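Nothing in this text is a laboratory measurement; each read-out follows from the coordinates by a stated rule. Note that the coordinates shown come from a computational prediction; the quantities given were computed from them, not determined experimentally. Note: ideal-geometry Cβ built from the backbone for every residue, glycine included; neighbour counts use all protein chains shown.
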Amino acid sequence: MRKAYQSDLSDAEWSCLESHLPAPKANGRPRIYPLREILDAIFYVVRSGCAWRLLPHDFPPWKTV
């Protein structure tokens, strides 16, 4: 379990967004990181103004985000 940040999506916000995101393909490569963690990392960068490479280590790698 990773540390919670103020920029993280709430459960209510996530439930609204989740239905609009693409579902994983049945015959495709499985996702390594959940989409929610990737979105949380994007919102962290937008809100904090940090550089992509300076993402905290409890987010997915910056190249993935």
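General remarks:
- Each residue in the range 8-20 was checked for being part of a loop (DSSP other than H, G, I, E, B) and either in contact with a strand residue (DSSP E or B) (Cβ under 6 Å, 6 or more places away or on another chain) or surrounded by 10 or more Cβ atoms within 10 Å (Cβ to Cβ) (or both), and 2 pass.
- Where a residue in the range 37-62 is touching a residue at least 24 places away in the same chain (Cβ under 8 Å) and its partner, wherever it lies, is β-branched (Val, Ile, Thr), with Cβ under 8 Å and at least six apart: Ile38/Thr64; Ile38/Val65; Ala41/Val65; Phe59/Val65; Pro60/Ile32; Pro60/Ile38
- Lone qualifier among Ile38, Ile32 - being under 18 Å from Met1 (Cβ atoms), among the hydrophobic types (A, V, I, L, M, F, W, C) and loosely packed, with under 10 Cβ neighbours inside 10 Å: Ile32
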